[in-house]
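What follows is a set of notes on a single structure, which appears directly below.
The values are calculated or read from the model by the stated rules, or taken from the named source; none is laboratory data. Please read all numbers here as calculations on a predicted model, not as lab measurements. Methodologically, a virtual Cβ is constructed for each residue, glycine included, from the backbone with ideal geometry; neighbour enumeration extends over all protein chains shown.
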Amino acid sequence: MTTKKVFESMDGNQAAAYTSYAFTEVAGIYPITPSSPMPEFVDQWAANGMKNLFGMPVKVVEMQSEAGAAGTVHGSLVAGALTTTYTASQGLLLKVPNMYKIAGELLPGVMHVAARSIAAHALSIFGDHQDIYAARMTGWCMLASGSVQEVMDLGGVAHLAAIKTSLPFLHFFDGFRTSHEVNKIEVMDYSVYERLLDKEAVKAFRKRALNSANPKTMGTAQNDDVYFQAKEVQEKYYLPVADVVNDYMKEISKVTGRDYAPFTYYGDPLAEKVIIAMGSVTDTIREVVDNLNLMDNKVGLLSVHLYRPFSEKYFFQAMPKTVKAIAVLDRTKEPGAGGEPLYLDVKSLYYGQENQPKIVGGRYGLSSKDTTPNQILAVFKNIDGEFKDHFTIGIVDDVLNSSLDATENIDTLDKATTELLFFGLGSDGTVGAVKNISKIIGDYTDLYGQAYASYDSKKSGGVTRMHLRFGKNPIRSTYLVNNPHFVSCSQESYLTRFDLIRGIRKGGTFLLSTTRDIKDIEEFLPNEVKKILAKQQAKLYIIHAYELAKEIGEVKLVSTIMQSAFFKLNPQIMSFETAQEAMKSFAKKSFLRKGEDIVKMNYEAVDRGGDALEEVTVKPEWVNLEVKNEVDETRPDFVKNIADVVNSIKGYDLPVSAFLGIEDGQIPNGTTMYEKRGVAEEVSTWISENCIQCNQCAFACPHACIRPILATEEEVNNAPVESTWVDARGKGLEGLKYRIQISVLDCTGCMVCVNTCPAKTKALHMTPLTENVDRQEHVLADYLYNEVPAKDGLLDKNTYKNAVFAQPYFEFSGACAGCGETPYVRFLTQLFGKRMVVANATGCSSIYGASFPAAPYTVDKDGRGPAWANSLFEDNAEYGFGMRIAHKTIRDRMQNIIINENGAFKGELKDLLNEWVEVREDGDKTLELAGKIIPLLEKETSQAAIDLF
Ligand code: SF4
C-alpha cells in the first residue's frame, strides 16, 4: 500500500508525541524540561478530540511528581490500558523503581525520553545520555533515535515492539538537540501503524488485565528459595526482541525508504576505521564520514538504535568485517568506571575473538556540549595512530589530559545549505520568530529547514541564539552554526558583550536593530565588529525595530519586524511578497484569539519591517583598525577568569583547569553585581518633586535595582556624579538627604516600580536607557549602593519602610522581568540576610537563585550574607531539615566544649563564651557575640579553642 508523503516542520518532541498518540490509551505524565512539550501536545490533541488507533482520545493524567506518574503508568498497565509516559533526567530516575516493576510484570508500557544530564555538581537542563544509561538495568528495552526524522520513524517501533514482545520500551533522543530542533520531516501515516499493529497481542494484553472478572494476585514477595529462578525465566521474553524490532524496522524502512535496523552502518563497506555512537551525534559523524571517504579514506559509522537488548547478531551483521580500529563514543561520564557503558558493551562483544580490532572509548557532548565535525575528525585521527583510550572531545582537559586535539578544520557543510544566526533577548520573541521563519521556509518552499535555539541560564532577558539552516537537501548538521552567511541581532547592547559576527562567512550579511541614527553608526560600532565586516567584505544593515514597534503600538513586535527584515534581505529564499503573505497567515493563526487589533498590528509590523532597512557602507579601511582586549584587573578572580568569560558566551572554551578549586560546584556570592547586562530599552527614572518617600517602588522591585538612599551631606558631596536629592522625611531622619536611585544597567524595564508608585502624580517614569547611561546613572548607582552605608535602623525596626532602607542580600538576579517571587526573596534577605541559610527546591527560584556563574545572593562589608544550596526538586524540606539538625548538632558540640573544658578559657573570652551558651537561641545576640569571640579565639592555642572552630 502506498500513502501520499506528507512533509511538515516540527521538533523532536512533537514527532514523538505524534507517534505515541496513535498507540496510547492512557498517558500518565509529569512535566520536566526538555520533555514537557510531548505530554503537552498529547493533552492538547486529546482536548481537541483527536483519536488514537483504538478510536478514542488519549486519557491524560497529570500527577504530582515523576514518581507519581510512574505509579499511574504501572497501575494503568496492570489494569489493561496501553499506557505511555514522557520524561527526562532525574524525572527518569524517579521512575526507576516502578520501571523494574513494570518490566518484571512483563507490561508493554512505553516511555519517550528527551535524554538530559543528571543534576550532580550542578543541575543542567541540557542533553546527554546520563539519564538513560542510569535506567539500562531496569529490564526496559531501549531504542535510540538520532534526528527528528528518526524520532518520527522509530517512535512507533517502540510501541509496536512493546505490544508484540510484552515488554516495556524506552525510546530516547537527545534533549534539546533533537527534542527542540525544528526540522522539515516526512510524517508517518497512522494507517501504517494500523497495518503493523499486532492486534492479537493487544487482545492478549487486555486479557491479562487485573480485574475482578479475572482475579489473580500480583506483586508478591518471594524468598531466597525462588526469586532467582523466577527472575531467570523471564529471559525468554528478551530473546526475540531484536528480531521483532528488526522486523518492524524493515517494515518502516519499506514505507519510508530510509534504512533501519538494530544497528545501521554508514560509510565505506570496506572501512577499517569505524566510530560507534547513538543519538544526534550520528548525523554529524555521517557528514564527516562522507567528507573523509571522498578523500579516499576508508571510514564508517555504526549507529546504535536498539541499545537494550544489545544484540550480538545484529551488531556483527552491520559491522564491516574489514574493521581494524573502533572508537566508541559515549555521551556520559561514569566516575571511577573502567569505561563508559556503550564502550564496555562493544568491548565485551569482541572479547576473546581472534584478530579483534583495537577499541578505544571516549566521552563527548555532556549537557549538550556542541560536538562539531572538527571533533569527529579528531576521533578518526586518534584511531589512525595514537589510540588514546578514555579520551574526551569538545573540551580542553589540561588537568588529566584526556582531550583530543580538535584544532584541525574540516568544512563538511553541504554547499547547498545556508546558515543563519539570530541573537535575541530571552523571551523577546526571537525564538518564536525564527521558528516561524523555519516553518514558512518549510511550508512555502521545497527547501529543507532546521532551527535550533541555544539559551543562557537567565529565566528571561538572557541571550538567545537561534541557529537556522536551510537547503535543498535534508539537513544533517546537528551542531551549532559557527560560520553563518547571515547574522541578525535585535539588541544593540550585545555589540560590546558578545562576538556577534565571529565566524561570519565572506560576503555575509549582518542585520542590527539599533536606536542610533545611521550617521552615528560608524562611531558606535566597536572596532572589532568593523574590522571583521571589512575583512569578510560583509554587508551591514540597520533597522530601528524598537522605535517602529513602539510606533505601531506594541514593543513585542520587534521580533516580527526583524523577521520581515530578514525575508526582505533574503529574496533568494522566496519573494518578499510571498513571505509577507506567509508571515501574515502565521500571525493570524497565532493571534486571532487575542483579537483583531493584535492581528492588524502584526500585519503592520510585517509590512513596515521590510521597508525600514538602511544599509551602512562597510569601509575597506576598517580592516586596519586596532582591537584592544582589555581585562579589568580590579574584578574578583572568579568574575574575571570565569564569570566574565561565560557571560560573553566564551565559556565553551574554558579549560578543565579553570574549575580547579571549585570542583564541588560552588561559586562565590555576589557575582551578579558585575554583570551589568543593560537589557532594557527603557528604564525607570525618578522625578524627585513628585515623590512622597514611601519606598514602595523599592519594595516591589523584583531585581533590587531601584533603592531608596539616605545620605549625609558629605556622602552627597562625595558622589562622582551630580544628582538631585531632597530632604529625608520622617522622625529620626533629620539632616539626611533622600534619593531614589536606579541601577539602570541591571534594570529589566518591567515597570513594576512605575506601576506601584502611589504618588498622586507618578514619581517614576520610563526613559531610554541610553539617556540614563549618558547621564552616568550607573556610576552613581555603583557609588550609592557600594560606598554609602545603608541606614536602616533609624526608623522603627519592624516597618517595611525601614527594612527597604537595609542592604538587600539578593540583587540583580536572572529572574523574569516583573517576577512576582523575587521581591519577597529580596525582602527576606533585608530582614535576615546576615544569618540566613537557604535550602532551595529546584525550580524557578533555584534557576534565578544560582545559575552558574550568577550568584545574586550577596555579602556585606563584613563578608556575611545568605548561604544558599539546592538539592533536588522534591526534597528541599528534608534537605533543609538536615541542615537544621547539623547546625544544632554543631552548636551542641560547641556548648559541650565550653561547659566541659571551661577551665581552658580565661578572662573576657571565657565570659563571652559563657554568655554565648546562655543566649545561643537568640540570633541577633549570638551574631554580636561572634564578632567579639572569633578574634579572641583565633589567638588561642589550647586544644579546646582549636576544637571550637
Ligand atoms: Fe517615591 Fe513613587 Fe518610589 Fe514612593 S514609589 S518612593 S513615591 S518613587
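Within region 662-678, the only residue that satisfies the criterion of being of a type outside the set (Asp, Glu) and either within 16 Å of the ligand (Cβ to nearest atom) or over 26 Å from ASN786 (Cβ atoms) (or both) is GLY665. When region 708-724 is filtered for residues that are assigned to a loop (DSSP other than H, G, I, E, B), buried (at least 18 other Cβ atoms within 10 Å of the Cβ) and within 13 Å of the ligand (Cβ to nearest atom), nothing remains.
When GLY820 is tested against the conditions (1) of a type outside the set (Lys, Arg); (2) assigned to a loop (DSSP other than H, G, I, E, B); (3) surrounded by 18 or more Cβ atoms within 10 Å (Cβ to Cβ), the lone failure is (3).
Which residue is surrounded by the fewest Cβ atoms within 10 Å (Cβ to Cβ), if the candidates are limited to region 761-790 and must be in a loop (DSSP other than H, G, I, E, B) and within 15 Å of the ligand (Cβ to nearest atom)? Don't jump to the end; show me each part of the working.
The initial filter retains those residues of region 761-790 that are in a loop (DSSP other than H, G, I, E, B), namely 761-763, 775-776, 787-790.
Filter again for within 15 Å of the ligand (Cβ to nearest atom), leaving 761-763.
Working: THR761: 9, LYS762: 16, ALA763: 23.
The selected residue is THR761.
Taking VAL752 as the residue in question, decide whether it is in contact with a helix residue (DSSP H, G or I) (Cβ under 9 Å, 6 or more places away or on another chain) and farther than 16 Å from PRO808 by Cα. Spelling it out, VAL752 is indeed in contact with a helix residue (DSSP H, G or I) (Cβ under 9 Å, 6 or more places away or on another chain) and farther than 16 Å from PRO808 by Cα. Among all positions in region 696-704, there is at least one residue which is closer than 30 Å to LYS797 by Cβ, under 22 Å from the mean Cα position of the chain (by Cα), of a type outside the set (A, V, I, L, M) and at pLDDT 95 or above. Restricted to region 737-760, and to residues there that are among the hydroxyl-bearing types (Ser, Thr, Tyr) and near the ligand (Cβ under 10 Å from one of its atoms), the residue that is surrounded by the fewest Cβ atoms within 10 Å (Cβ to Cβ) is THR756. Only one of the numbered conditions (1) within 30 Å of SER348 (Cβ to Cβ); (2) surrounded by 20 or more Cβ atoms within 10 Å (Cβ to Cβ); (3) touching a Phe, Trp or Tyr at 6+ places or on another chain (Cβ under 6 Å) is not met by ASN436, and that is (1). Would you be able to tell me the number of residues in region 72-117 that are without any contact (Cβ under 8 Å) to a residue 40 or more places away in the chain and surrounded by fewer than 20 Cβ atoms within 10 Å (Cβ to Cβ)? Residues flagged as without any contact (Cβ under 8 Å) to a residue 40 or more places away in the chain and surrounded by fewer than 20 Cβ atoms within 10 Å (Cβ to Cβ) within region 72-117 amount to 3. For region 796-842, taking the residues that are in contact with a Lys or Arg (Cβ under 6 Å, 6 or more places away or on another chain) and at pLDDT below 95, the one that is farthest from GLU715 (Cα to Cα) is identified as CYS816.
Could you list, in sequence order, the residues of region 693-707 that are in a loop (DSSP other than H, G, I, E, B) and within 7 Å of the ligand (Cβ to nearest atom)?
Quick first cut of region 693-707, residues in a loop (DSSP other than H, G, I, E, B) only: 693-695, 701-705.
GLN693, CYS694, ASN695 - these are the residues of region 693-707 that are in a loop (DSSP other than H, G, I, E, B) and within 7 Å of the ligand (Cβ to nearest atom).
Given GLU681, GLU614, which one is within 30 Å of THR560 (Cα to Cα), more than 16 Å from the ligand (Cβ to nearest atom), modelled with pLDDT of 95 or more and in contact with a helix residue (DSSP H, G or I) (Cβ under 6 Å, 6 or more places away or on another chain)? Outline the logic, then answer.
On the way: GLU681 fails: modelled with pLDDT of 95 or more.
Residue meeting the stated conditions: GLU614.
In the set THR332, THR407, THR412, THR371, only one residue is touching a His at 6+ places or on another chain (Cβ under 6 Å) and either in a loop (DSSP other than H, G, I, E, B) or modelled with pLDDT of 95 or more (or both); that residue is THR332. From GLY300, GLY361, grab the single residue that is touching a His at 6+ places or on another chain (Cβ under 7 Å), assigned to a strand (DSSP E or B) and crowded, with 21+ Cβ neighbours inside 10 Å. One residue alone meets the criteria, GLY361. With a requirement of 1 or more residues that are out of contact with any Gly (no Cβ under 7 Å at 6 or more places or on another chain), within 30 Å of GLY394 (Cβ to Cβ) and in contact (Cβ under 8 Å) with a residue 12 or more places away in the chain, the strands (runs of 3 or more DSSP E) lying completely within region 461-563 that satisfy it span 463-471, 486-489, 509-513.
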